[in-house]
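Undergrad: Here it is: the structure, laid out below.
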Amino acid sequence: MAPPLMSIADMGVNLGDRWLLRHVDLSVSAGDRLALVGRNGAGKSTLMKLIAGQLEPDEGSRWIAPSAQIAYLPQSPQFKGSMSLSSYVLQGLDEASDLTTAERIKQSHRAEAMLDKMGMDPARMTDGLSGGERRRASLARALITDPQVLLLDEPTNHLDLPTIEWLEDMLRARSGALILISHDRAFLRALGTGIIWIHQGTLRRREGNFDQFEDWSEGILAEEAVRLHKLDRKIAEETRWSHQGISARRKRNQGRLRELQEMRQLRARQGGQLIAQMSMNTGKAEGGGQIVLEARDLSVDIPARPEPVNLVKHFNTIIRRGDRLGIVGPNGIGKSTLIRTLLGERSPDKGHVKTGFGLLSAYFDQNRERLNPDSTPWTTLCPDGGDTIEIDGKPRHVTSYLRDFLFDDYKMTQRTGTLSGGEQNRLLLARIFSQPHNFLVLDEPTNDLDMETIDLLQEVIADYDGTVLIVSHDRDFLDRTVTGVLAFEADGKIVPHAGGYSDYLDRRRQNTERKAGKNTKKQSGKTRQNRPAETLSKAARNRLSYKQVYQLEQLPKEIDALRARIAEAEIKLADMDFFASDAEGYEKLAKQTAQDKTDIAEKEESWLELEILREQILREQILREQIQTD
């Protein structure tokens, strides 16, 4: 096993009235990719801050290997001052090490490429960024440092599906340690090699894929339930004893009384967090016709120079009662604009939308614009005053209803603008579910929610007897909730697909392979990496030089060799004895490793440029052949 890059021992955080975390031990080594899970408020983000050194514990210790660098993406990044996004990303490198002018120029190109991949203009200034844009810029800043220990708190929030898949590939290729907090189960399954579970202030660790988490955690909860039942019985027996002539034996039985009090305190600690369970119910769908919406030859444009941009072109669809549809596509392609157009909040530029009889839509907008930041949860649900709302045809007190959504009494009269992102999302769900509806329209509803709330939301959607339209980047959530997908493709085209997101993805890959098979010669079991010149189309070989073809073959091998050398060096650099016995050799190896990391970034960028050029040539060839065929 590789030596640790970081470890914490017997660490605890006290909130004054209780311990949030207690007796926490954790060791992280190169190659670890750990999924950090637990309920909202369990202490996940607090543990991240402890590891990153941004929070001092009330007890315990933290150790970092001399060569190890830690980078942390917080859930709510904070920005100071105004600067370009590329400068902000490069600041992460300035904090990690001094860069020469030449190195800074190289890294600035890498920073711009990373921001561009995340759909952000490197020249844009940091002031005026939305919450999602702040997160993406901070993610680029954390990734560019290539640290030995990378801590990511909800990195997929506000990322589209193609960017999440790109991020998965990048993180999977890293040799350092990774700790992830995410509500995206598919993301955790793709990356996690181990699980850290925070429950009741205790940290438990298990090696293995994230798919094993539910069986493992449910087994532990079942064992706890048995122990708590036995403890309850013992407390009841001791309580009966304490009332039988206790004054006559007071002095002799003080120890037994102290034991009873300790058992009660233990029961309160172990059972306290189990009391607050979220309850969510959409209610029955109101009446209405079988046709919900019909779009005919729908086109949507946005103003731009020198001419408008077509987001949607000639879109036709009929949404029927009971349909469960997901809308997918990259950020900025027009998913939210399409929803607003279908709901009548925006007029189409061409075509029209016909609304079905008795349609009652309930719209969850991802920017939460329907929440007044100066109101409170109470007044959000009772805007005309009073303390009663009607839920599913029955009156309920507003406090009782808000408790179902895990709002404490003091939170009910707190300004909505001061609530966390997760609390605002729960409030918006509570609001739309309290209104009459038969058409749920949910635009990125899983952002900032924990997995337990997402699971509950998935269950109530499954039981809903109305129509559902969902925009989401959470692949697992889409697979669990929708039976059809509307996929944004090139040039404003929207293509319907049956099944969930995984079905759509499989079909898209099959189509891509089928098209590639028609336009390239079949190879006799030879991979592109080993024989790139043979897998390139004739047109591509004519456009790529012999040197470029050779680089496409050799660069992956050189990158793999550098990664292996870096991984071996990091194991040596994590050894404290090496530093103590040979400080000069330690420094030499550290410098060589830093140079290797610079070289690997350059080689990856070169390979990426060549691969993009190869794909462009191939696409042009396929397009020409399709035109000739037509």
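The values are calculated or read from the model by the stated rules, or taken from the named source; none is laboratory data. In this text the structure is predicted, and so the values were computed from the model without any measurement. Methodologically, a virtual Cβ is constructed for each residue, glycine included, from the backbone with ideal geometry; neighbour enumeration extends over all protein chains shown. Keep in mind that these areas ignore ligands, DNA and RNA; they rest on the heavy atoms of the full protein, side chains included. Shrake-Rupley method; radii C 1.70, N 1.55, O 1.52, S 1.80 Å.
Undergrad: DSSP loop (so not H, G, I, E, B), at most 14 other Cβ within 10 Å: list which trypsin sites (Lys or Arg not before Pro) in the stretch 29-99 pass both filters.
TA: Here the sparse-neighbourhood loop sites are Lys80.
Undergrad: Here's something else I'd like to know. What list of ³J(HN,Hα) couplings, whole Hz, do you get for the stretch 355-368 from phi and the Karplus terms 6.51, -1.76, 1.60, once you set θ to phi - 60° and write x for glycine and proline?
TA: 8, x, 5, x, 6, 10, 8, 10, 10, 9, 8, 5, 8, 6
Undergrad: Same structure again: Determine the shape class of the stretch 1-143: with a ≥ b ≥ c the square roots of the Cα gyration tensor eigenvalues, call it rounded for a/c under 1.5, and otherwise prolate if a/b is greater than b/c, oblate otherwise.
TA: Note, shape of the stretch 1-143 comes out prolate.
Undergrad: Take the cross-link list Lys49/Lys106; Lys117/Lys597; Lys117/Lys547; Lys117/Lys313 and give me the ones stretching past 23 Å between alpha-carbons.
TA: Over 23 Å Cα-Cα: Lys49/Lys106; Lys117/Lys547; Lys117/Lys313.
Undergrad: Taking H placed 1.01 Å from N in the peptide plane, check which residues at least 5 places from Val312 or on another chain put their amide H under 5 Å from its amide H.
TA: Hits under the 5 Å cutoff: Val300.
Undergrad: Once the Cβ-Cβ distance between Lys313 and Ser420 is put in as r, and R0 is 35 Å, what FRET efficiency do you end up with, to the nearest 0.05?
TA: Once rounded, the FRET efficiency stands at 0.35.
Undergrad: Could you pull out every residue, at least 5 positions away or on a different chain, whose amide H is within less than 5 Å of the one on Glu286? Hs are placed 1.01 Å off N in the peptide plane, and Pro or chain starts have none.
TA: Those qualifying (amide H under 5 Å, at least 5 residues apart or on another chain) are His437, Asn438.
Undergrad: Measuring from a point 7 Å past the Cα of Asp127 along Cα-to-C-beta, which residues in the stretch 67-85 have an amide N at less than 16 Å?
TA: Only 79-85 pass the distance filter.
Undergrad: Rounded if a/c is under 1.5, else prolate if a/b beats b/c, else oblate: with a ≥ b ≥ c from the C-alpha gyration tensor eigenvalues square-rooted, which is the stretch 424-514?
TA: Judged from the Cα gyration tensor, the stretch 424-514 comes out prolate (a/c at least 1.5, a/b above b/c).
Undergrad: Measuring with a 1.4 Å probe in the full set of protein chains, what accessible area per residue, in whole Å², belongs to the stretch 1-133?
TA: That works out to 49 Å² for each residue.
Undergrad: Select from the stretch 157-223 those trypsin sites (Lys or Arg not before Pro) which occupy a DSSP coil region and have at most 12 other Cβ atoms within 10 Å, ordered by residue number.
TA: Sites meeting the loop and neighbour criteria: none at all.
Undergrad: On the accessible surface of the stretch 308-366, probed at 1.4 Å, how many percent belong to carbon and sulfur atoms?
TA: 48 percent
Undergrad: Amide H neighbours of Val292 under 5 Å, at least 5 residues apart or on other chains, H built in the peptide plane: list them.
TA: Under 5 Å from the amide H of Val292 lie the amide H atoms of Ile319, Arg320, Arg321, each far enough along the sequence or on another chain.
Undergrad: For the stretch 438-449, just list the computed ³J(HN,Hα) in residue order, Karplus coefficients 6.51, -1.76 and 1.60, θ = phi - 60°, integers in Hz, with x standing in for Gly and Pro.
TA: Karplus-based 3J(HN,Hα) across the stretch 438-449 equals 9, 9, 8, 10, 10, 9, 6, x, 8, 4, 6, 8 Hz.
Undergrad: Kindly write out, for the stretch 155-166 in residue order, the coupling ³J(HN,Hα) from the Karplus curve 6.51 cos²θ - 1.76 cosθ + 1.60 (θ = phi - 60°), rounded to whole Hz, with x marking Gly and Pro.
TA: Per residue, the Karplus-derived 3J(HN,Hα) values read x, 8, 4, 6, 9, 7, 5, x, 5, 4, 5, 5 Hz.
Undergrad: When you count, for each residue, the other Cβ atoms within 10 Å and take the mean per peptide, how do 390-398, 601-609 rank with the highest first?
TA: Ranking the peptides 390-398, 601-609 by packing returns 601-609, 390-398.
Undergrad: Among the DSSP beta bridges whose two residues both lie in the stretch 69-190, what percent are antiparallel, rounded to the nearest 5?
TA: The antiparallel fraction comes to roughly 10 percent.
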